[in-house]
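First up is the structure itself, then whatever we jot down about it.
Every read-out reported here was derived from the displayed coordinates using simple, explicitly stated rules and does not represent laboratory data. Computed from a predicted model, the values in this text were never measured in an experiment. All Cβ positions, even for glycine, are placed from backbone atoms using ideal geometry, and neighbour counts span all protein chains on display.
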Ligand code: NAP
């Protein structure tokens, strides 16, 4: 048997992901050692409560509540506690003590990423975070390494499994948002407090991480435009299907040029969007995640799989462990996170996309022409209009009304917002039922 020198691994957290990481490290230690060329010794697991039940059999003697002492003796520190503090403090301590660090903590990276990356660069250590976006799906390493020689133009990501499950159920089962959320909670896809998922906070954190990496530019979380799915109705999902679309909560990260100022920059946004039924993202069902990416040379690529789950996410963490361990064996400085492009972050008003607007209008002659004029006055070109008599399902008929579904050509957010405001004030429009962006069509 080959004798390897041991690398000391400290694990912070033994919850859904941490317990699986511990178990895989203990079970597959020998095989991993052969791949790495060094033994991987799990020297301790920091938790809050030594007596809490654990889903996998972590030997009791490995558990400790003294995270700091554990960190100080480690070559590699894996943070799977979640939250901002003390996770941030522990990772800084680990980097300062010369360890490479691994985290799955998107909330921490989206808010304190630059500080952590800077520290890692200064001390010549490496910070790995494959599991922070898309759970088991390899997306960080493809962006950081495989596509490092290419130029990424756009990323469309389904990066939150809970909301994808809810929207998928509304689509396939005809559930209301409340019914679909209740089902997601029962199946353990949604937390008791689902705000972070359904209001788009979780997806926005991932969008900030993806955009920063893809565009070599720090994209702060507070500059990511965010809308959740709470206003999406069963009727909108149905009417989207009738028009050949599915509703998805998308993280959209793109390079763009502001049409007014000519400034070239990047933007990151999270909102529900209509995706054509024929687009690969439309086939992402249940709680799965997918990242669809358009690059200059590579063209379109899609990464698809389980976006969460203890064992699935542990796979991505273990991949980082192997990378970190190999670096320890080979030596050399860490590779710094690249933010060299430092592009301006453009606001949502710079975005140019297509829209679908559903209106309830008075059912009188000439109304259609009036509405079309109103769009063109704001420089928004109408691509298609479908009309049906009566209000949308679920809305009471007050007087003779018709429903118009208007698809636009590309327009700026600003022009669209002005159009919608004017529509809302128009005396022939009784209600602006819905305004949704359309993504994933030929631009
Ligand atoms: P979790 O089940 O809540 O587990 C958290 C663990 O951290 C628990 O073992 C807890 O100890 C420990 N912990 C919390 N605060 C601590 C402290 N101050 N000192 C020491 N230990 C502490 O969390 P999780 O679902 O495994 O998620 C871990 C991280 O992975 C998060 O950043 C999450 O966003 C990310 N992530 C999770 C998934 C997923 O599917 N769950 C997917 C992708 C990414 P006790 O057990 O004693 O309470």
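Rounded to the nearest 0.05, the FRET efficiency derived from the C-beta distance between residue 222 and residue 122 at R0 = 30 Å is 0.75. In the chain, the DSSP beta bridges split such that about 70 percent are antiparallel, to the nearest 5. For the chain, a Gaussian network of Cα nodes joined below 10 Å ranks 330, 198, 406 by mean-square fluctuation, and the top entry is 330.
Where the alpha-carbon atoms of segment 140-306 are placed on the principal axes, they occupy 44, 34, 33 Å, in descending order. For the Cα atoms of the chain, what angle does the longest principal axis make with the long axis of helix 161-172, in degrees from 0 to 90, nearest 10? Its long axis makes an angle of about 40 degrees.
Inverting the mean 1/r over all pairs of different Cα atoms, compute the Kirkwood radius of the chain and quote it in Å.
23.5
Take every pair of alpha-carbon atoms less than 8 Å apart whose residues are at least six positions apart; their mean separation over the length of segment 48-122 yields a relative contact order of 27 percent. Spacing of the modelled spin labels on residue 31 and residue 5, each 7 Å from Cα toward Cβ, amounts to 2.7 nm.
If the segment from residue 409 to residue 183 were pulled out straight at 0.36 nm per residue, it would be longer than the present Cα-Cα gap by 77.7 nm. Helix 106-123 against the longest principal axis of the chain: what's the angle in degrees, Cα atoms only, rounded to the nearest 10? Helix 106-123 sits roughly 40 degrees off the main axis of the chain. Angle check, please: helix 18-27 long axis (alpha carbons) against the longest principal axis of the chain (alpha carbons), in degrees 0 to 90, nearest 10. With rounding to tens, the tilt is 50 degrees. Taking packing as the residue-averaged number of other Cβ atoms within 10 angstrom, the listed peptides 129-136, 281-288 run from highest to lowest as 129-136, 281-288.
Taking the Kirkwood radius as Rh and the Cα radius of gyration as Rg, segment 351-438 has a ratio of Rg/Rh equal to 0.95.
Rank these for me by crowding, 326, 242, going from fewest to most other beta carbons within 10 Å.
Working: 326 13, 242 10.
The order, fewest Cβ neighbours first, is 242, 326.
For the chain, modelled as a GNM whose springs connect Cα atoms under 10 angstrom apart, the maximal fluctuation among 335, 275, 224 occurs at 335.
DSSP bridge analysis restricted to segment 140-306 gives an antiparallel fraction near 95%, rounded to the nearest 5. For the chain, modelled as a GNM whose springs connect Cα atoms under 10 angstrom apart, the maximal fluctuation among 220, 365, 272 occurs at 365. Each residue, residue 418 and residue 260, gets one label point 7 Å from its Cα in the Cβ direction; the gap between the two is 0.9 nm.
Normalising the average separation of contacting C-alpha pairs (under 8 angstrom, six or more residues apart) by the number of residues puts the relative contact order of segment 140-306 at 32 percent.
Helix-only arithmetic for the chain: the sum of -39500 (n - 2.57) across DSSP H runs with n ≥ 4, divided by the residue total, places the mean residue ellipticity at 222 nm at -10000 deg cm²/dmol.
Taking N as the residue count of segment 77-214, its C-alpha radius of gyration divided by 2.2 N^0.38 Å amounts to 1.19. Plainly put, segment 287-374 has a radius of gyration that is 1.24 times its Kirkwood radius, both from alpha-carbon atoms, as the Rg/Rh ratio. In a fully extended conformation the segment linking residue 145 and residue 387 would gain 82.2 nm over its present Cα-Cα distance, using 0.36 nm per residue.
Which ordering of 375, 303, 215 is given by a fewest-first count of other beta-carbon atoms within 10 Å?
Fewest-to-most ranking of 375, 303, 215: 303, 375, 215.
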